[in-house]
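Student: Can you read through this structure? Questions will come right after.
The values are calculated or read from the model by the stated rules, or taken from the named source; none is laboratory data. For clarity, every value in this text was computed on a predicted model and none was experimentally measured. Positions of Cβ are generated from backbone atoms using ideal geometry, with glycine treated the same way; all protein chains shown enter the neighbour counts. Heads up: the accessible areas ignore ligands, DNA and RNA and are worked out on the full protein's heavy atoms, side chains in. Shrake-Rupley method; radii C 1.70, N 1.55, O 1.52, S 1.80 Å.
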Amino acid sequence: MSDKVRSGQYRVMIVDDSAVIRGLMSTWLGAEPAIKVVGTAGNGEMALASMQRYDPEIIILDIEMPVMDGLTALPQFFKINPKVKVLMASTLTKRNAEISMKALSMGASDYVSKPESNREVAASMSFQEDVVSKVISIVAANRLRNGGEIFKGEGSRVQDQFIPQKSMARSIEKRRFSKSKPSVLAIGSSTGGPQALLQVLTDLGEADVPVLITQHMPPTFTNILAKHLTVATNFTCKEAEDGDVLEAGMAYLAPGDNHMTVVERGGRKVIALNQDPPENYCRPSVEPMMRSLIKVYGSGIFAVILTGMGHDGLESCKKLVEAGGSLIAQDEETSVVWGMPGAVSTAGLCSGVYPLNKIGGEIKQKLMGPAK
């Protein structure tokens, strides 16, 4: 691009074989003062050839492209610049969801679901907002984590809303863990969540309580994530269905575009799905899951908030600790975006804030009950 990057702007490169998509994204991102589109490319090979010249902080990467597709280009981007962030962009098909999941396991930070036609892309405000907010949150989090500065210019529409929490590790107050033995494990996650969930469940190994997970994901993706977690861990993880009776040791993942709650019916604890309005711009949202668990389990909840943008779960976690449950969160250093975990941590709601590789072990210890 011809004009220069202004002080503090987040440098973005768009890689997509559709000139229409590249143009639309360039317009949307270019209208955001915090962002500078430094370059575009029609396929992975062209993007690799111009990486050093453009020096992007984040690449928006299409999957299906001629000459070199996104999945082939992805590891080569990291060879040129190990610190670059990648946001996958693909239409919502089963195949693309599986490829996006593989891309996340290879180091991509997140994904956006692209409408199927150029006309739908042009008309979709939700897609536009998704792209802009994720670019800002991922790059800002990376800068904060590495001692850089976030954009401080005027006129940013989403800056305050999606900016990650600033590190306040020294001032985080910790609560005492509940004296109750947990009866249920509840996990909330978003950006960076699939890989975080994989590590947590792998390290945990097994649980003698039901595990409920709300991960911000669209339909199709949640079913594939559930299958991926089942294959890769010792848990049987399923995309939750309305009427599922909770079983100890099972993991239930909120399905895309549905809030997952738990109710009591005939003395049994049962999954109840709904399509009530999004909360914190999310459906599924952590809030309705946690609120329902408080009604059913009270102080018997052990909750975990993992990496993710925004502050989904904050309000219900306040009620959770008031009810006597326990909450831990992922730390800033290991979070892709320290938004959700940063919100509950800096609010003083957590009994512990841990790096990702310690969380599974902490859960395992606490599920055994309080030390005698």
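Student: Do you know which of the residues in segment 62-87 that are without any contact (Cβ under 8 Å) to a residue 40 or more places away in the chain and not in a helix (DSSP H, G or I) is surrounded by the fewest Cβ atoms within 10 Å (Cβ to Cβ)? Working first, answer last.
Tutor: Let us first name the residues in segment 62-87 that are without any contact (Cβ under 8 Å) to a residue 40 or more places away in the chain, namely 67-69, 71-72, 74-82, 84, 86.
With not in a helix (DSSP H, G or I) added as a condition, the list becomes 67-69, 81-82, 84, 86.
Numbers: V67: 12, M68: 17, D69: 18, N81: 14, P82: 8, V84: 19, V86: 26.
Only one residue fits best here, namely P82.
Student: Is it the case that G310 is assigned to a loop (DSSP other than H, G, I, E, B) and open to solvent by 10 Å² or more (accessible area, probe 1.4 Å)? Steps first, answer last, please.
Tutor: Details: assigned to a loop (DSSP other than H, G, I, E, B): yes; open to solvent by 10 Å² or more (accessible area, probe 1.4 Å): yes.
Here the answer is yes, as G310 does meet what is asked.
Student: Follow-up question, since we're still on this one. Output the residues belonging to segment 88-118 that are surrounded by 15 or more Cβ atoms within 10 Å (Cβ to Cβ) and among the small types (G, A, S).
Tutor: A89, S90, A97, S100, A103, G107, A108, S109, S113
Student: Quick check on segment 230-247. Is at least one of its residues in a strand (DSSP E or B) and open to solvent by less than 20 Å² (accessible area, probe 1.4 Å)?
Tutor: Keep residues of segment 230-247 that are in a strand (DSSP E or B), which gives 236-239, 245.
Remaining after also requiring open to solvent by less than 20 Å² (accessible area, probe 1.4 Å): 237.
Scanning segment 230-247 turns up at least one residue that is in a strand (DSSP E or B) and open to solvent by less than 20 Å² (accessible area, probe 1.4 Å).
Student: If you go through segment 53-61 one residue at a time, do you hit one that is in a loop (DSSP other than H, G, I, E, B) and within 16 Å of M88 (Cα to Cα)?
Tutor: The first filter runs over segment 53-61 and keeps only residues in a loop (DSSP other than H, G, I, E, B), leaving 55-57.
After this cut, where a residue has to be within 16 Å of M88 (Cα to Cα) as well, the list is 56-57.
There is at least one residue in segment 53-61 that is in a loop (DSSP other than H, G, I, E, B) and within 16 Å of M88 (Cα to Cα).
Student: Something else about it: Assigned to a loop (DSSP other than H, G, I, E, B) and more than 20 Å from the chain's Cα centre (by Cα) - does that describe any residue in segment 252-262? I'd like the intermediate steps shown before the answer.
Tutor: Narrowing segment 252-262 to residues assigned to a loop (DSSP other than H, G, I, E, B): 254-258.
Now narrow it down to the ones that are more than 20 Å from the chain's Cα centre (by Cα): none.
No - not one qualifying residue is present in segment 252-262.
Student: Considering only segment 187-214, state which residues are free of Cβ contacts under 8 Å to residues at least 60 places away in the same chain and part of a strand (DSSP E or B).
Tutor: V211, I213
Student: When the residues of segment 31-52 are narrowed to those that are in a helix (DSSP H, G or I) and of a type outside the set (G, A, S), which ends up modelled with the lowest pLDDT?
Tutor: At the first step, the residues of segment 31-52 found to be in a helix (DSSP H, G or I) are 44-52.
So of that shortlist, the ones also of a type outside the set (G, A, S) come out as 45-46, 48, 51-52.
Details: E45: 97, M46: 97, L48: 97, M51: 95, Q52: 91.
Of everything passing the filter in segment 31-52, Q52 is modelled with the lowest pLDDT.
Student: Which one of these does E315 not meet: (1) surrounded by fewer than 22 Cβ atoms within 10 Å (Cβ to Cβ); (2) at positive phi?
Tutor: (2)
Student: For segment 326-372: of the residues being without any contact (Cβ under 8 Å) to a residue 60 or more places away in the chain and of a type in the set (D, E, K, R), which is most open to solvent (accessible area, probe 1.4 Å)?
Tutor: K372
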